[in-house]
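Please read the structure below before turning to the comments.
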Amino acid sequence: HGWYMDAAAAEAQALLGITGEELLVGGYRIYTALDRQAQLSAELLYEDGANFPDSAKDGVPAQAALVAMNIQNGEIVSLVGGRSYDVRLGLNRATQIRRQPGSAIKPVSTYAAAIERFGFLPSNFISDEKRAFAGGYSPGNVGGHYYGEVTLREALSRSLNVATVDLADTIGISSVRAQIGRFGIKLSDDDANLALALGALTDGVSPAELCAAYASLGNGGMRVTPHLIRRIESADGKVLCEAPQEFQRAVTPETAYMLTDMLTTAAAEGSAKALNSVNANVAAKTGTV
């Protein structure tokens, strides 16, 4: 399970403050949260080329990453960093890249801030009418369709850009920034405009960071520190470090419930409706850049 082992090794180096070579020769015993069955299932998905778009014209394959986390304690149980594991300690897209999240940021930014800080409900109305906002910023919806007055639930489930920016404009971008920070996502000082509501981050976010933010919604609004390692022992069995159990409230349980319920609509009939045939309870959000 090379992807997972590489990420665990990097985490161990950071925890112990040592180099990779020192880690390899130090006789350390590293206990991780790896769920082997979950990891095998993930790797099988990645071995099937039918699960991915066609390669680019120059032959470069579409890439992907996967992170699965225990929402109650932050343990990463499986992780895949790319389509194929070709070199040890190579680029791990699950933990090492930061990309613009697009609309995947909406639930843990604008909508969370509106519900948590301003008392909005999924049934409240916002405007999805095409127009220019402050500074001439004029976002558009996918497909060029606009729907007038819509509820927060409809706007989020259908991922309506103009309605989302209208909501961010109403509550203020400073509130959106503050809420994103409570989910553990770091922003640049330059991320202080309405484009932030649509996931236009200067530095981006990694899949692992975004996974941890979403996990807060499933954990009653409580954010836990993501980690792969449970504890590290020396060669003679002395415990050198253990995973910190750090909990911080991102949103109230009520806000987490409403956001999750809105995302079940997205999975059932909205932008993520490709998941409506899954034989499980699913809350989901798409994001495209």
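Being touching a strand residue (DSSP E or B) at 6+ places or on another chain (Cβ under 8 Å) and buried (at least 17 other Cβ atoms within 10 Å of the Cβ) is true for just one of LEU167, LEU210. Which residue is that?
Numbers: LEU210 fails: touching a strand residue (DSSP E or B) at 6+ places or on another chain (Cβ under 8 Å).
Selected residue: LEU167, the only one of LEU167, LEU210 that is touching a strand residue (DSSP E or B) at 6+ places or on another chain (Cβ under 8 Å) and buried (at least 17 other Cβ atoms within 10 Å of the Cβ).
For (1) in contact with a Phe, Trp or Tyr (Cβ under 7 Å, 6 or more places away or on another chain); (2) open to solvent by 10 Å² or more (accessible area, probe 1.4 Å); (3) modelled with pLDDT of 95 or more, each residue gets a yes or a no:
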| residue | (1), (2), (3) |
| --- | --- |
| ILE105 | no, no, yes |
| THR110 | no, no, yes |
| ALA114 | yes, no, yes |
| PRO122 | no, yes, yes |
| ASP128 | yes, no, yes |
| GLY143 | no, yes, no |
| THR151 | yes, yes, yes |
| ALA155 | no, no, yes |
Pick from region 182-198, criterion open to solvent by 50 Å² or more (accessible area, probe 1.4 Å) and touching a residue at least 40 places away in the same chain (Cβ under 8 Å), ranking: farthest from PRO226 (Cα to Cα): ASN193
Flag if THR19 is closer than 18 Å to ARG88 by Cβ, in contact (Cβ under 8 Å) with a residue 12 or more places away in the chain and of a type in the set (S, T, N, Q): no
Tabulated pairs, region 41-56, first more than 16 Å from ASP86 (Cα to Cα), second open to solvent by less than 40 Å² (accessible area, probe 1.4 Å), C-beta under 6 angstrom, 6+ apart or interchain: ALA42/SER78; ALA42/VAL80; PHE52/ALA62; PRO53/ALA62
Options SER55, SER41: the member that is out of contact with any strand residue (DSSP E or B) (no Cβ under 8 Å at 6 or more places or on another chain) and hydroxyl-bearing (Ser, Thr, Tyr): SER55
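The values are calculated or read from the model by the stated rules, or taken from the named source; none is laboratory data. A quick note: this is a predicted structure, and the numbers were derived from the prediction, not measured. Don't worry about glycine lacking a Cβ; one is built from the backbone with ideal geometry, like all the others, and counts go over all protein chains shown. With ligands, DNA and RNA removed, areas are computed over all heavy atoms of the protein, side chains included. Shrake-Rupley method; radii C 1.70, N 1.55, O 1.52, S 1.80 Å.
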